[in-house]
Amino acid sequence: MKNSLQLSLIYEEKQATKWFLGLFYGTFLIYEVFYHYLFPTVPWAEVNSVTTYMFDYILYVVMIALIPISYVLMKNDNPSIIKYIYFISYTIISLLNDIWFYSNNPDVPYSSGNLVEVVIILFSPIFINTKYFYLVFLGTTFKYFVAGLLLKFNIVLLPLVIVVILSSIVFILLLRIISYVESVKDSYDKKIEGIVKGIITTLELKDPYTRGHSERVAEYAILLATKTGKFDKKELKYFYYACLLHDIGKIHIPDAILTKSDKLTKEEYDIIKMHPLVGATAVQEIDGISANIDVILHHHERWDGLGYPDGLIGKETPILARITALADAFDAMTSSRSYRSALSLEVAYSRILDGKGTQFDPELVEVFKTVYPKWKEIHDKYNHISPL
């Protein structure tokens with residue numbers, strides 16, 4: 001299920017795509033009517049502008065066929081590829097049309113470029129997407145370069161220069177838009193981080209023994225996740241927030257149980273085991289964090305299926321939750337609790353290795369070996385912070 005942030009982004013992409021399609025088909029229709037029906041009536045019209053050729057009909061068929069395809073993609077919440085399909089299709093057919101026509105009519109002066117291409121270039125910033133802009137710029141440039149190379153027409157330099165000038169102006173506008181959007185995103189992320197750390201501070205006041213635990217687990221987990229090479233910067237950022245909140249469900253646990261120095265009763269342990277469910281419920285409506293709700297819900301699952309709350313086995317537990325489970329266990333072993341003193345780093349290291357294939361994902365244990373020196377540095381950094 002998509003969270004509200006993802007749905008909002010999809011909605012905005014749909015709106016931009018609707019504008020794009022309206023501009024594209026409106027311009028395409030106006031240009032075709034003018035070029036094939038109005039322009040030929042003026043005395044200075046070239047002969048080649050009067051006739052409709054094979055590739056014109058192919059273009060009409062493709063543009064009509066793309067309408068239902070676009071509709072299906074929009075209905076399936078996948079509008080982001082529509083602009084790519086239209087640009088690539090239009091550019092390829094236009095290039096083939098130029099090559100075919102001028103190869104068969106060598107005496108006709110070269111004339112290419114149209115209003116549709118100009119509109120595509122000028123309005124490319126509405127998607128706030130540099131990849132799409134680069135495709136439009138490089139694709140249009142490539143079209144004229146290939147046409148000039150194959151047809152040996154130096155005159156293609158003129159449309160190339162126009163494309164470069166227009167694209168340069170558009171690129172500056174796009175960078176300004178992106179800069180503004182990034183500023184808003186950074187402000188939003190800082191607010192989320194502030195809220196998260198405020199909640200963690202509240203939890204630590206309730207259970208002083210967990211001071212620094214959430215931050216250490218998050219730092220351990222980020223290092224481990226990064227080392228796997230499976231996640232991009234944005235995924236890691238929101239994973240970090242989820243890690244900070246992995247124990248948020250402990251807020252509902254009575255202080256007498258959290259700070260108890262004796263062995264817990266079965267009933268007390270059952271209450272402890274509820275904290276992943278409580279935590280997941282608490283964050284399910286928070287944009288950015290809800291996408292990683294499995295980190296909070298399943299960070300006490302085990303590779304052998306003996307964990308909680310769902311007893312998931314092996315890779316049934318999402319990988320980010322498996323990473324958090326390993327980081328959480330390491331920090332729990334190397335931190336003092338009300339019921340025991342901290343274990344040494346060497347003992348904790350050995351226990352992680354001993355848990356390979358039982359408590360922990362065996363592949364992640366191998367990755368853990370490579371990041372362990374960095375984990376020691378994190379542990380030592382926090383160990384120098386004086387207790388409350």
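Which Cα, out of Phe360, Ile69, Asn154, lies furthest along the positive dipole direction of the chain (beta carbon charges, K/R +1, D/E -1)?
Of the options given, the answer is Phe360.
Run the dipole for segment 207-383 about the Cα centre, Lys and Arg Cβ at +1, Asp and Glu Cβ at -1, nothing else charged, and hand back the magnitude in debye, nearest 20.
Roughly 460 debye for segment 207-383.
Which of Leu150, Leu343, Leu23 moves the most in a Gaussian network model of the chain with Cα springs under 10 Å?
Maximum among the listed residues: Leu150.
Compute a Gaussian network model of the chain, connecting alpha carbons closer than 10 Å, and tell me which residue from Trp303, Trp375, Trp19 fluctuates the most.
Between Trp303, Trp375, Trp19, it is Trp19 that shows the largest mean-square fluctuation.
Ile126: net charge of surrounding residues, Cβ under 15 Å, Lys/Arg +1, Asp/Glu -1, itself excluded?
Neighbourhood net charge equals +3.
Check every DSSP H run in the chain and write down those whose alpha carbon atoms cover 27 angstrom or more along the long axis and whose mean Kyte-Doolittle hydropathy is 0.5 or greater.
Those that pass (Cα extent of 27 Å or more, hydropathy at least 0.5) are 54-75, 82-104, 130-151, 157-206.
If you take the Cα Rg of segment 202-266 and divide it by 2.2 N^0.38 Å, with N the number of residues, what do you get?
Output field value: 1.38.
Over the chain, what per residue volume does the convex hull of the Cα atoms give, in whole Å³?
Given the Cα convex hull of the chain, per-residue volume reads 179 Å³.
How much net charge surrounds Val163 when only the other residues with a Cβ under 15 Å from the Cβ of Val163 are counted, with Lys and Arg +1 and Asp and Glu -1?
-1
Based on Cβ point charges of +1 for Lys and Arg and -1 for Asp and Glu, what charge dipole magnitude is obtained for the chain about its Cα centre, in debye rounded to the nearest 20?
480 debye
Under 5 Å between amide H atoms, partner at least 5 residues away or on a different chain: which partners does Arg337 have, H built in plane at 1.01 Å?
Result for Arg337 returns Ala342.
Relative contact order for segment 274-388: what is it in percent, counting Cα pairs under 8 Å that are at least 6 residues apart?
Contact order relative to length: 18 percent.
Using the 2.2 N^0.38 Å rule of thumb for compact globular proteins, work out how segment 207-383 stacks up: its C-alpha Rg over that value, please.
0.97
Out of Leu175, Pro254, Ser124, whose Cα points farthest toward the positive end of the dipole of the chain (charges: +1 Lys, Arg; -1 Asp, Glu; placed on Cβ)?
Most positive-ward Cα: Pro254.
Read-outs: derived from the displayed coordinates by stated rules, not from any lab. Please read these numbers as outputs of a predicted model, since none were measured by experiment. Positions of Cβ are generated from backbone atoms using ideal geometry, with glycine treated the same way; all protein chains shown enter the neighbour counts.
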